[in-house]
């Protein structure tokens, strides 16, 4: 992907957007706009967590937007989301990111202040978690219905693992983002907009927490049902063994070809052996019924 840059001038500030800059580009940006080089490097570090730092002449903010596809099997923050680094002050906003974001192109053409544009971007990044939360919730609900109302064997344990992992990582990312956003300060005119973002973050954290709890419940239920099915199979095998073990013992005794076995000369020995086996079988059956095993 080629590096690109966009400059937009508003009535009271300018916005400089840099997508996928090279190391040389980063050095030039840091020099031109008097930015801390290490913060510039943080802006393109893969998997960097959200953070906020207040400098003497500007503020530095990193946030991550949800970018994973519904079918992606992900197990890390870098797979689930991509970040934007913000360097902003009253008359200037600089954004640096590796991946293009559609919402950056869909922003309004006019904003009264740098803070209003910044909050619009933050709101769009927070909103990127809404649709995935609904999708994850629907998928977990579908798995739950399959387990209880259909056939638990149709559940893929691998898919359930990745759904749970995706939810767990996203919840942690949202909690970190929530803590970072509480550090951001804006003017009185924009406190209401920032409070709305805080409310959205809290709602998302609660939704993902509920989905994660449901995923844990489904996993435990799946394992319990699977264990119960295995126990039922072992129970059936145990019952059959209890019936056939004494019968096999009798057959083994009378299957020995010793010449002086006294029962071999009995005229009705065959029928007596069968009758004895039947009595043993009935006795075992009554004992199992009495104990409630059958």
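Summed over qualifying helices (DSSP H, 4 residues or more, each -39500 (n - 2.57)) and divided by its residue number, the chain shows a 222 nm mean residue ellipticity of -19500 deg cm²/dmol.
If you average over every viewing direction, what projected area does the convex hull of the Cα atoms of segment 33-145 give, in nm²? Walk me through the intermediate numbers first.
On the way: hull surface 33.2 nm².
One quarter of the hull surface, i.e. the mean projection, equals 8.3 nm².
Fraction of C-alpha pairs exceeding 26 angstrom in segment 174-294: 62 percent, rounded to a whole number. Between the helical axis of 114-127 and the longest alpha-carbon principal axis of the chain there is an angle of about 10 degrees. Relative to the dominant Cα principal axis of the chain, helix 23-32 is inclined by about 40°.
Computed from Cα positions, the angle between helix 130-149 and the longest principal axis of the chain comes to roughly 10 degrees. Highest mobility in the GNM of the chain, judged by mean-square fluctuation with C-alpha springs under 10 Å and restricted to 270, 52, 16, is found for 270.
Relative contact order for segment 142-224: 43 percent, from Cα pairs under 8 Å spaced at least 6 residues apart, divided by residue count.
With Cα atoms as the point set, the radius of gyration and Dmax of segment 228-291 evaluate to 15.5, 51 Å.
Where a number appears in this text, it was derived from the coordinates with a stated rule and is not lab data. Keep in mind that what you see is a predicted model, and the values were worked out from it rather than measured.
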